[in-house]
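Step one of this worksheet: look at the structure below.
The values are calculated or read from the model by the stated rules, or taken from the named source; none is laboratory data. Keep in mind that this is a model prediction, so the values were computed, not measured. All Cβ positions, even for glycine, are placed from backbone atoms using ideal geometry, and neighbour counts span all protein chains on display.
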Amino acid sequence: MERRNFIKTTGLVTAGVGLAGNLAYSNTTQTVTNKLPKWKGFNLLDFFSPVNSGGGRGMTTEDDFKWMADWGFDFVRFPMAYPRYVKFDRSKNITPEEIYNIDEAAVDYVEKVVEMANKQGLHVSLNLHRAPGFCVNAGFNEPYNLWEDKAAQEAFYFHWNMWAKRFASKTSKQISFDLVNEPCTREDMNDQHSGRGPIPGELYREVAKKALETIRFHNPNHLVIADGNDVGGKVIPEIFDLPIGQSCRGYFPHYISHYRAPWVFKNPDDAPKPVWPGKIDGQEFNRKSIEDFYKPWIDAVKNGVGVHCGECGCWNETPHEVFLAWFDDVLSVLSEHGIGFGLWEFKGTFGILNSGRKDVQYEDWHGQKLDRKLLTLLQKY
């Protein structure tokens, strides 16, 4: 859809879409049943980067989806950086006008991924990991700020309108729309280690509600999910009354999940050594710590909000046995309350395939290096 036609259409969206759907969320519902399915699966990083650098992972194949299904998984999350599917002069910073230049060939690729996943019975959650004007990661120059500039919000709705229209015939069992990855404020969008904080709740509500209406204009039963506030860690009470699921994270404490990760620790060599359970950097961590961390999310489920853990896992520098012991507790707490998970990632440094850990005895799996212990743990839940 061209930009001018989209702008004309959006005026009709609010009036034309009811907020009732096949999944009703209410903060007055007295139930302990999670309104979102207990999906379990993986994040696929085909379009994660703004540029097609390869990253050593390769693109997702039909065999990958077949393996996931055969192993008992039913979910994939597809985090996308919007520059991967727009046409612009890559020798320069992207302009606001270029953000509307959709690359149909790239969109066709995403559709192919969705079809391959659905063929194997896997649900696909499309996510804007980098949305116009925002990404939790630095490394790409944005022309504006999603949380401050109406022009960025207009572009954000345009992109979700495009995806919702492309998949208008899909059911909520086949696809969902995860609005924006790990929203937060940031002092400097191009400094990974600059100060950050939560999005003001009413602002998050305003953006999420308009995106919901835009998406449901094409199918009133489309399933919409919002990542937790403040980098995915905090429940969003301001949208409890909207038919929007919420996505938490499985990275607490980051001392375990992101040990020595350079995008988290400015000086990775200073990262405290992880243990589980035990004391890290002067703090005591154990299963009770995890229960306390997830209490707001568990309370949200009890209040009728659908919750799923869209990302979880551990970078490959954490000792494997520490990772597995910690992750067993994380998945146990989530599972006890009907909350499913999406491991970050399928292939790569967090994944079950080709993670590059130095302390794992890998199993050869059709030429891939399989972390069987991690796979067995995931299958347990």
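Tabulated results
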read-out: Members of segment 147-187 found to be assigned to a loop (DSSP other than H, G, I, E, B), under 16 Å from L212 (Cβ atoms) and touching a Phe, Trp or Tyr at 6+ places or on another chain (Cβ under 8 Å), listed by number; value: L179, V180, P183
read-out: The lone exception for Q246 - which of (1) of a type in the set (S, T, N, Q); (2) buried (at least 17 other Cβ atoms within 10 Å of the Cβ); (3) more than 19 Å from the chain's Cα centre (by Cα) it fails; value: (3)
read-out: Hits in segment 190-229 - residues which are in a strand (DSSP E or B) and crowded, with 22+ Cβ neighbours inside 10 Å; value: L223, V224, I225, A226, D227
read-out: Residue within segment 289-307 that is at pLDDT 95 or above and in contact with a Pro (Cβ under 7 Å, 6 or more places away or on another chain) present; value: no
read-out: All positions within segment 273-285 that are touching a strand residue (DSSP E or B) at 6+ places or on another chain (Cβ under 8 Å), part of a loop (DSSP other than H, G, I, E, B) and either loosely packed, with under 14 Cβ neighbours inside 10 Å or of a type in the set (S, T, Y) (or both); value: K273
read-out: Pair list, Cβ < 8 Å and 6+ apart or interchain, from segment 246-263 residues that are free of Cβ contacts under 8 Å to residues at least 60 places away in the same chain to residues that are assigned to a strand (DSSP E or B); value: P253/I280; P253/Q283; P253/F285; Y255/I280; Y255/F285
read-out: Candidates D359, D364, filtered to the one that is surrounded by fewer than 21 Cβ atoms within 10 Å (Cβ to Cβ), more than 25 Å from R260 (Cβ to Cβ) and not hydroxyl-bearing (S, T, Y); value: D364
read-out: Some residue of segment 225-236 being on the phi < 0 side of the Ramachandran plot and over 15 Å from the mean Cα position of the chain (by Cα); value: yes
read-out: Only one of T185, T171 that is farther than 17 Å from P50 by Cα, surrounded by fewer than 20 Cβ atoms within 10 Å (Cβ to Cβ) and at pLDDT below 95; value: T185
read-out: Segment 157-168, subset more than 17 Å from N118 (Cα to Cα) and among the aromatic types (F, W, Y), residue surrounded by the most Cβ atoms within 10 Å (Cβ to Cβ); value: W160
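Let's see how each residue does on (1) polar (S, T, N, Q); (2) touching a His at 6+ places or on another chain (Cβ under 6 Å); (3) over 18 Å from N137 (Cα atoms); (4) not in a strand (DSSP E or B):
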{"position": "V231", "(1), (2), (3), (4)": "no, no, no, yes"}
{"position": "E238", "(1), (2), (3), (4)": "no, no, yes, yes"}
{"position": "R249", "(1), (2), (3), (4)": "no, no, no, no"}
{"position": "F252", "(1), (2), (3), (4)": "no, no, yes, yes"}
{"position": "Y255", "(1), (2), (3), (4)": "no, no, yes, yes"}
{"position": "A261", "(1), (2), (3), (4)": "no, no, no, yes"}
{"position": "F265", "(1), (2), (3), (4)": "no, no, no, yes"}
{"position": "D269", "(1), (2), (3), (4)": "no, no, yes, yes"}
